[in-house]
Amino acid sequence: MPRNAIAILALAALISPLVTLRVLQTSDESKSVWDGVYTEEQAKRGEPIYHKECAACHGDMLTGGESAPPLTGGAFLANWNGLTVGDLVDRIRKTMPQTEPGRLTRQQGSDILAFMLSVNKFPAGKIELYRQSEMLKEIRFESAKPAPKK
């Protein structure tokens, strides 16, 4: 067996338990929109993009329009409750704007979502929303603030 192959196998044997431990920690520490998953700066960046790309249909105040649902309030929160932030950003990226779906970049989608979370009074944090939908799928969308963990 070549020396490189042995080194790779040895490294894999050392790293495997650490990866398993990290996966277990992640499931215990899963995040929700109540954990400050975007920054105020990101929400501010998302606001003009929202007004340029989304407001014509969803309204300046995110309250919806004739053919577009609201992006704030009870109906919006109920529709997305139990899903993930990744599900929501994927919807934005793949179906919006209605006139040219898929035109928005991953960064624009995350910035718009940060603005939407801000308008819906979810707390800001110190780390921006990720751009990768795989990582965003780790963040639960919960309409009601969960009880503190004991």
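The values are calculated or read from the model by the stated rules, or taken from the named source; none is laboratory data. Just so it is clear, the model here is predicted, and its values are computed rather than measured. Cβ coordinates were reconstructed from backbone atoms using ideal geometry, including for glycine residues, and neighbour counts include every protein chain displayed. Just the protein is used for accessible areas: all its heavy atoms, side chains included, with ligands, DNA and RNA removed. Shrake-Rupley method; radii C 1.70, N 1.55, O 1.52, S 1.80 Å.
Observations on the structure shown:
- Distant-in-sequence amide H partners of Ser143 (H built 1.01 Å from N, under 5 Å): Gly82
- Fully extended contour minus Cα-Cα distance, from Met61 to Ala75, at 0.36 nm per residue: 3.6 nm
- Qualifying GluC sites (Glu not before Pro) in segment 54-144, DSSP loop, other Cβ atoms within 10 Å at most 12: Glu66
- Between Lys145 and Thr99, the C-beta separation translates, for a Förster distance of 35 Å, into a calculated FRET efficiency of about 0.45.
- Rounded to the nearest 10 Å², the accessible area of Met96 at probe 1.4 Å: 60
- Computed 3J(HN,Hα) for segment 135-150, one whole-Hz value per residue from the Karplus formula 6.51 cos²θ - 1.76 cosθ + 1.60 where θ = phi - 60°, is 6, 5, 6, 8, 10, 6, 8, 10, 6, 10, 5, x, 5, x, 6, 9, glycine and proline marked x.
- Protein-only accessible surface order, largest first, of Ile139, Ile127 at 1.4 Å: Ile127, Ile139
- Whole-Hz couplings from phi, Karplus 6.51/-1.76/1.60, listed for segment 93-110; x for Gly and Pro: 5, 8, 10, 10, x, 4, 6, 7, x, x, 6, 6, 7, 4, 5, 4, x, 5
- Sequence-distant residues sharing a close amide H with Lys31 (under 5 Å, placed H): Arg140
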